[in-house]
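Report on one structure; see the data block that follows.
The values are calculated or read from the model by the stated rules, or taken from the named source; none is laboratory data. What you are looking at is a predicted structure, and each value in this text was computed from that prediction instead of being measured. Only protein heavy atoms, including side chains, enter the accessible area calculation; ligands, DNA and RNA are left aside. Shrake-Rupley method; radii C 1.70, N 1.55, O 1.52, S 1.80 Å.
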Amino acid sequence: MANREDTLATFRRVRAIQAVDELQKQSVENGLDKMDLEEVNREIQAVRMSI
């Protein structure tokens, strides 16, 4: 049973890493990787205010 759970946990970790890699790739493609901290904080604030 533990082996199956370990396999599932590993699979989930790999999927999470792949998702982060894809988000980072999209960020670079959209130029968002060049945002400075002030811009990031403004975006966070805007999203929080819209919730």
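Converting phi to 3J(HN,Hα) with the Karplus coefficients 6.51, -1.76 and 1.60 and the offset θ = phi - 60°, the stretch 4-15 yields 5, 5, 5, 5, 5, 5, 5, 4, 5, 5, 4, 4 Hz in sequence order, with x at every glycine or proline.
Residue by residue, the stretch 33-46 carries 3J(HN,Hα) couplings of 6, 9, 5, 8, 4, 4, 5, 4, 5, 5, 4, 4, 4, 4 Hz when phi is fed to the Karplus relation 6.51 cos²θ - 1.76 cosθ + 1.60 (θ = phi - 60°); x denotes Gly or Pro. Measuring nothing but protein heavy atoms, the accessible surface of the chain at 1.4 Å probe radius is 57 percent carbon and sulfur. Relative to the compact-globule estimate of 2.2 N^0.38 Å, the Cα radius of gyration of the chain comes out at 1.71. Residue-wise HN-Hα couplings along the stretch 18-30, as the Karplus relation 6.51 cos²θ - 1.76 cosθ + 1.60 with θ = phi - 60° gives them from phi, are 4, 5, 5, 4, 5, 4, 5, 4, 5, 4, 5, 4, 8 Hz; Gly and Pro carry x.
Compared with the direct C-alpha span, the chain from D36 to V20 gains 3.8 nm at full extension, assuming 0.36 nm per residue.
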